[in-house]
Amino acid sequence: MSSVMLWLYARLMWAAQPFLRRKLARRGRLEPGYAEAVDERFGAYTQPAEHTSELVWVHAVSLGETRTAAVLLGALRAQHPGLRVLLTHGTATGRAEGASLLRAGDVQIWQPWDSPHAVARFFDHFKPRLGLLMETEVWPCTVAGAKARGVPLVLVNARLSDKSLRQALRMSALSYPAFGALSAVYAQTADDARRFRQLGVTAAGVFGNLKFDAAPDAGQQAQGRAWRQSVGQPVVMFASSREGEEIEFLKQIMAVAQVIPAPAAMNLIASDVANKVPLTVRVLIVPRHPQRFNEVEALVRQQGLTVSRRSSWPDAPGGPAGSSEALQADVWLGDSLGEMALYYALSDVALLGGSFAPLGGQNLIEAAACGCPVIMGPHTFNFLEAAELAGAEGAARRVADMPEGVQAALALVNDLPARAEAVAAGLAFAARNRGATARTLAALKPYLDDFRAGG
């Protein structure tokens, strides 16, 4: 039955290729990175095929996985200085971020479309010795192609939400063989390991989350803290916001601010819950996806509010305080990539995007490591254990909905002792959960011992 399902799946993926090309063309008009090297996705490569037998394939589908892969790659290169990497991605933001990880002899391409032809050309052209799949990426034809060629595949920093498990169980004739053919699974949490067992896979270890081992950029943090001090007002951030969430956030902020005449409502008045001391705050929105920067700006303006974009601010030392446009604007828009450490350091509290709509939330570990308290909504299933631990340890607070989230954020910036406690709790939470990288390296040692660095 499973072989029949794989054949049917493979035929469907082959038939879907023209639709994928059209989708990439549309996406490329909004985000040019998607229009780059499209034929790579279908197994057509311009990179030379010779001398590729010592490549380690690392697949990091998107931006978050690529940043996690950076932690692992740094440690791998320290142990194996001549290691050569084949780095693949599925999104333009992941590919852009991954370019900074490349070293001499490395190769970066798009993830092959999961059809037998594209997968075969991928493996036969690059001949990787080992595949490290970051977090969630298990594709039936890709796994089958690796197995047929004797290429070990390891699912690293592996996570499996209840939603993903239900989807996999519905397609068990595909998912059981695919997960079962992996050489090893290194789970983030015991709950992830339990869910993998329901797919017939015993995790080789529960190692924690590699994201805890990522050190936030110290220069960005220093710059963000200096900017916050120069602004002289608390900053409330909506971090990694998603479609549909921004409008609710803006409505709630404006509802609180409606006592202020005129639409310049973002310099809003919040009242201290205990002492009723008026306080002025600044508001910053950082969308999760860069292709939505213009859309979010338009959304803000539709509410009668003015916007200042990060890209228009002077760099150090002035930042937003050095821009009269920024200081006069109702909303700040974080329209840059790779600067989350700066934004968290600039902010006194952050609402967690993706958690106020049923989207599973975003990574809150970087916020904690930067000392920025987090207010999270009810939907954090993609990062469940980290969210639960952060809540239990005081690094984050869970609320039922956006109105409660906005009120909680305003109360926290107006309660300096409570905020100081949350900052300390976040830093302690981030420090206490480090160590996944060392555990992962130890487990990968048998796969890498026979590599001859540099081929």
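The values are calculated or read from the model by the stated rules, or taken from the named source; none is laboratory data. Predicted, not measured: the structure shown is a model, and the values here were computed from it. We place every Cβ from the backbone using ideal geometry, glycine too, and count neighbours over all the protein chains shown. Protein only, heavy atoms only, side chains kept; ligands, DNA and RNA dropped before computing areas. Shrake-Rupley method; radii C 1.70, N 1.55, O 1.52, S 1.80 Å.
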Check: Would a scan of the range 332-348 turn up a residue that is part of a loop (DSSP other than H, G, I, E, B), touching a residue at least 12 places away in the same chain (Cβ under 8 Å), open to solvent by less than 10 Å² (accessible area, probe 1.4 Å) and more than 24 Å from Met254 (Cα to Cα)?
Finding: no
Checklist line | Boolean, Ser164 is in contact with a Pro (Cβ under 8 Å, 6 or more places away or on another chain) and among the polar types (S, T, N, Q) | finding: no
Next item on the list: With respect to Arg170, determine if the residue is free of Cβ contacts under 8 Å to residues at least 60 places away in the same chain and among the charged types (D, E, K, R).
Entry: yes
Next item on the list: Please go through the range 187-204 and pick out each residue that is open to solvent by less than 10 Å² (accessible area, probe 1.4 Å) and in contact with a helix residue (DSSP H, G or I) (Cβ under 6 Å, 6 or more places away or on another chain).
Entry: Ala187, Leu199
Checklist line | Residue tally, condition more than 25 Å from Thr380 (Cβ to Cβ) and either among the basic types (Lys, Arg) or out of contact with any Ser or Thr (no Cβ under 8 Å at 6 or more places or on another chain) (or both), over the range 172-203 | finding: 9
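Here is a yes/no grid of residues against (1) in contact with a Gly (Cβ under 9 Å, 6 or more places away or on another chain); (2) more than 24 Å from Pro32 (Cβ to Cβ); (3) open to solvent by 10 Å² or more (accessible area, probe 1.4 Å):
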position: Ala69; (1), (2), (3): yes, no, no
position: Leu72; (1), (2), (3): no, yes, no
position: Leu83; (1), (2), (3): yes, yes, yes
position: Leu101; (1), (2), (3): yes, no, yes
position: Pro116; (1), (2), (3): yes, yes, yes
position: Gly131; (1), (2), (3): no, yes, no
Check: Give me the pairs: first residue in the range 21-43 and under 17 Å from Gln108 (Cβ atoms), second residue open to solvent by 80 Å² or more (accessible area, probe 1.4 Å), beta-carbon distance under 7 Å, and six or more apart or on different chains, which are they?
Finding: Val38/Arg21; Gly43/His117; Gly43/Arg121
Notebook entry, point to check: So Glu97 clears everything in (1) open to solvent by less than 40 Å² (accessible area, probe 1.4 Å); (2) within 16 Å of the chain's Cα centre (by Cα) except one condition, right? Which one?
Noted result: (1)
Notebook entry, point to check: Out of Leu182, Leu83, Leu153, Leu174, which single residue is within 25 Å of Leu8 (Cα to Cα) and at pLDDT below 95?
Noted result: Leu174
Notebook entry, point to check: Does the range 400-423 contain at least one residue that is within 30 Å of Leu72 (Cβ to Cβ), at pLDDT 95 or above and part of a helix (DSSP H, G or I)?
Noted result: yes
Item checked: Answer from Thr142, Thr136, Thr88 - the residue that is under 19 Å from the mean Cα position of the chain (by Cα) and either more than 19 Å from Ala214 (Cβ to Cβ) or at pLDDT 95 or above (or both) -> Thr88
Check: Tally time: how many residues in the range 40-89 are closer than 16 Å to Pro152 by Cβ and assigned to a strand (DSSP E or B)?
Finding: 7
